[in-house]
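See below for the structure under consideration.
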Amino acid sequence: MWHDTLLHSPREHARFALLKGGERPLDTLAPAGELTGKLKAEIEIVYVMEQVKQGRPFVDHLRVTNRGSVIWRARGRRFGGQVTCGVKVCDASGNVLREDLGRTPLASDASPNGVIDLEISIPSVLQRGKYELRYDMIVEGVTWFELGLIRFSGRFSYAV
């Protein structure tokens with residue numbers, strides 16, 4: 001094939017890539033269908049403030065372990081693939097009020113069984129009341145882990 005390319009198109013540049021070794025390990029940049037059932041996280045709440053003052057931001061500390069078989073990428077492509085930690089703010093009945101707060105990127109990739117410590121900053125936007133915060137991991141542009149892909153999500157009740 002190389003000989004034919006040179007013979008028929010001497011001014012063109014042929015481009016090709018060689019792959020040496022085994023298959024590339026599966027990571028969160030893979031298509032969504034390949035991730036199903038392979039994303040798992042264990043979220044340990046290390047430190048939280050049980051009460052916060054209205055109008056004040058606060059920070060919670062989590063330790064997250066990759067319990068799945070996929071490498072979590074800290075950086076994604078143009079339309080996602082990076083893993084972040086997010087929080088769903090729920091009312092006392094468990095209804096989700098917001099899921100756009102506290103998105104925290106990973107500092108580095110996390111291999112299976114890798115452990116990451118995170119500081120989740122929650123801005124001062126919550127009105128006075130009681131809330132349940134559900135921490136979970138997200139493959140941006142693809143899914144929250146809890147949507148059929150995770151068995152545990154960190155939860156803690158707050159009074160503002």
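The values are calculated or read from the model by the stated rules, or taken from the named source; none is laboratory data. Quick caveat, the model's predicted, so the values are computed rather than measured. Virtual Cβ from ideal backbone geometry, glycine too; neighbours counted across all protein chains shown.
Can you tell me which residues in segment 108-120 are closer than 16 Å to His61 by Cα and either modelled with pLDDT under 90 or in a loop (DSSP other than H, G, I, E, B) (or both)? Please lay out each step first, then the result.
To start, the set of residues in segment 108-120 that are closer than 16 Å to His61 by Cα comprises 115-120.
Correct list: empty.
Return the pair list, or none, for Cβ contacts closer than 9 Å from residues in segment 33-53 that are farther than 22 Å from Val83 by Cβ to residues that are assigned to a loop (DSSP other than H, G, I, E, B), at least 6 apart or on different chains.
Gln51/Val160; Val52/Ser124; Val52/Leu126; Val52/Val160; Lys53/Ser124; Lys53/Val160
Consider Val125 carefully, then state whether it is more than 12 Å from the chain's Cα centre (by Cα), over 30 Å from Pro31 (Cβ atoms) and in a strand (DSSP E or B). Reasoning before the result, please.
Values: more than 12 Å from the chain's Cα centre (by Cα): yes; over 30 Å from Pro31 (Cβ atoms): yes; in a strand (DSSP E or B): no.
The answer is no for Val125.
If I filter segment 59-79 down to residues being buried (at least 18 other Cβ atoms within 10 Å of the Cβ) and more than 13 Å from the chain's Cα centre (by Cα), which single residue comes out as nearest to Gly114 (Cα to Cα)?
Step one: filter segment 59-79 for residues buried (at least 18 other Cβ atoms within 10 Å of the Cβ), giving 60, 62, 64, 66, 68, 70-73, 76.
If we keep only those that are more than 13 Å from the chain's Cα centre (by Cα) as well, we get 60, 62.
Details: Asp60: 20, Leu62: 14 Å.
Step by step, filter segment 59-79, then rank; the result is Leu62.
Please determine, by comparing only the residues of segment 16-30 that are modelled with pLDDT of 90 or more and assigned to a loop (DSSP other than H, G, I, E, B), which one is farthest from Gly86 (Cα to Cα). Steps first, please.
Filtering segment 16-30 down to residues modelled with pLDDT of 90 or more leaves 26-30.
Filter once more, keeping what is assigned to a loop (DSSP other than H, G, I, E, B): 26, 28-30.
Numbers: Leu26: 23, Thr28: 16, Leu29: 19, Ala30: 21 Å.
This residue is Leu26.
Gly37 versus (1) surrounded by 12 or more Cβ atoms within 10 Å (Cβ to Cβ); (2) under 15 Å from Phe145 (Cα atoms): which is the lone unmet condition?
(1)
Any idea how many residues of segment 128-151 are surrounded by 15 or more Cβ atoms within 10 Å (Cβ to Cβ), modelled with pLDDT under 85, in a loop (DSSP other than H, G, I, E, B) and not aliphatic (A, V, I, L, M)?
Matching residues across segment 128-151 total 1.
Counting only residues that are of a type in the set (A, V, I, L, M, F, W, C) and either in contact with a His (Cβ under 7 Å, 6 or more places away or on another chain) or surrounded by 18 or more Cβ atoms within 10 Å (Cβ to Cβ) (or both), which one in segment 80-100 is nearest to Leu118 (Cα to Cα)?
The first filter runs over segment 80-100 and keeps only residues of a type in the set (A, V, I, L, M, F, W, C), leaving 83, 85, 87, 89-90, 92, 96-97.
Adding the requirement that they be either in contact with a His (Cβ under 7 Å, 6 or more places away or on another chain) or surrounded by 18 or more Cβ atoms within 10 Å (Cβ to Cβ) (or both) leaves 83, 85, 87, 89-90.
Values: Val83: 12, Cys85: 8, Val87: 13, Val89: 18, Cys90: 21 Å.
Among those residues, the one meeting the criterion is Cys85.
Do you know which residues across segment 39-92 are assigned to a loop (DSSP other than H, G, I, E, B) and at pLDDT 90 or above? Before the answer, list the steps.
In the first step, residues of segment 39-92 are kept if they are assigned to a loop (DSSP other than H, G, I, E, B); the result is 39-40, 48-50, 52-57, 67-70, 74-76, 78-79, 81, 91-92.
Across segment 39-92, the qualifying residues are Leu39, Lys40, Arg67, Gly68, Ser69, Val70, Ala74, Arg75, Gly76, Gly81.
Consider Ser69 carefully, then state whether it is without any contact (Cβ under 8 Å) to a residue 60 or more places away in the chain and either in contact with a strand residue (DSSP E or B) (Cβ under 8 Å, 6 or more places away or on another chain) or over 27 Å from Val125 (Cβ atoms) (or both).
Details: without any contact (Cβ under 8 Å) to a residue 60 or more places away in the chain: yes; either in contact with a strand residue (DSSP E or B) (Cβ under 8 Å, 6 or more places away or on another chain) or over 27 Å from Val125 (Cβ atoms) (or both): yes.
Criteria met by Ser69.
Criterion first (part of a strand (DSSP E or B) and at pLDDT 95 or above) does Asp100 satisfy it?
No; evaluated as a whole, the condition is false for this residue.
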